[in-house]
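Shown next, in structure tokens, is the structure this report addresses.
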Amino acid sequence: MLIVTHLANVRYLTGFTGTAALVLVGRRDTLLISDFRYKTQAAEEVGEAVRVEIVARDPWGGALRALQKMDGIADVGFESESVTASEADRLTRDGAGGMRFKPTTQVVENLRAVKESAEVAAISAAAELASEALEAVLATVRVGQKEIDIAALLERELRVRGSEWHPFPTIVASGPRSALPHAHTTDRSVQSGEWLLLDFGAQVDGYCADITRTVLVGDRADERQRGIYELVREAQTQAIAGMRPGMTGREIDALARTVIDDGGFGDAFGHSLGHGLGLEVHEGPRLGSSNNEPVPADAVVTVEPGIYLPDWGGVRIEDDVQLTVDGAVVLSDGNTELREIL
Ligand code: ZN
Ligand code: ZN
């Protein structure tokens, strides 16, 4: 028996999209417990295979009562990454006699890492509308425009094309601010000859796309800008061409990192190559030097190398790929040629 509390896992297992629920998953039975606010929604969203119980308040109390009514339950796992310390205390304190509560990690996440075709289709749809939104906005970008205004236009284009929400705060960073890998969008105006980095997401059927493009505004790229851009692009190309299921996250990360190291900018690529993408915008598997686990076939991941130089600016190129047994299939538009917006 497993108590599932992380909401993305609840949605994955049951289809329930509300913000308060926990799920008991047993060998024969799945029980979703939510509160009064979600009575109608829970009944509509979950399939026939899931029983629903609505409690007035306190889903945890409902879960403990339900467990006590079940026969022969000895070990009950809970998700240690989402259960709070006080909830864990309560399990040990109020837990029914004979049941042992055990912390687990990544049980449902490991299932989620392998995508079914409907999940891949939703991510592709999100990526496609994200590309269309970007094209609409790039057609209007001009020297002197504020980052925040460009972000507002982009978010509007995403929404009107059907993105359910922005899975993370849209990053629009101009000039030297593009050197901040997780920049906040500000009211700075983009100047002629500067980078404009746009990192943004879209969501369809709960599934996220996550794309970054870095374009040059108002001028042709100079030699250094072009050289660094092409190095990042080559790192991404090599990683996408070389990645295979069964390689570790570290090995896939190295495909891109070696290119940037050899180009002399290893110190300027300070984050990992990518991350899993699904119901959450950052999920497993991680493509980075700390992940020594093999990446499974049909994982969907971002591939997003970057070079960041303080005071000069940064370049990041991010696409979304499905890692099939035959290699990577790019789900986003893969339109990474250097663009100069004149
Ligand atoms: Zn991103
Ligand atoms: Zn990303």
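The values are calculated or read from the model by the stated rules, or taken from the named source; none is laboratory data. Note that this is a predicted model, so its numbers are computed, not measured. Counting neighbours? That spans all protein chains shown, and the Cβs are built from the backbone with ideal geometry, glycine included. Quick note on the areas: whole protein, heavy atoms, side chains included, nothing else; ligands and nucleic acids left out. Shrake-Rupley method; radii C 1.70, N 1.55, O 1.52, S 1.80 Å.
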Study note, to complete from the structure: Residues of segment 213-234 being of a type in the set (Val, Ile, Thr) and either over 19 Å from Leu180 (Cα atoms) or surrounded by fewer than 22 Cβ atoms within 10 Å (Cβ to Cβ) (or both), in sequence order, are Val215
**Study point:** Matching residues in segment 42-65 - criterion: being surrounded by fewer than 16 Cβ atoms within 10 Å (Cβ to Cβ) and in a helix (DSSP H, G or I)
**Key:** Ala43, Glu44, Gly61, Arg65
Practice item. Assess whether Arg213 counts as being within 30 Å of Pro296 (Cβ to Cβ) and touching a Ser or Thr at 6+ places or on another chain (Cβ under 6 Å). Key: no
Study note, to complete from the structure: Within segment 235-253, residues being over 16 Å from His275 (Cβ atoms) and surrounded by fewer than 23 Cβ atoms within 10 Å (Cβ to Cβ) number 7
Review point. Counting only residues that are open to solvent by 60 Å² or more (accessible area, probe 1.4 Å) and part of a helix (DSSP H, G or I), which one in segment 122-158 is nearest to Gly249 (Cα to Cα)?
Key: Glu128
Practice item. Collect the residues in segment 180-202 that are open to solvent by less than 30 Å² (accessible area, probe 1.4 Å) and within 14 Å of ligand 2 (Cβ to nearest atom), keeping them in residue-number order. Key: Ala183, Leu197, Leu198, Asp199, Phe200, Gly201, Ala202
Study note, to complete from the structure: Taking segment 167-199 and keeping residues in a strand (DSSP E or B) and within 9 Å of Gly314 (Cβ to Cβ) leaves Ala173, Trp195, Leu197
**Study point:** Residue ID - nearest to Pro167 (Cα to Cα), chosen from residues in segment 186-232 that are within 16 Å of ligand 1 (Cβ to nearest atom) and of a type in the set (D, E, K, R)
**Key:** Asp210
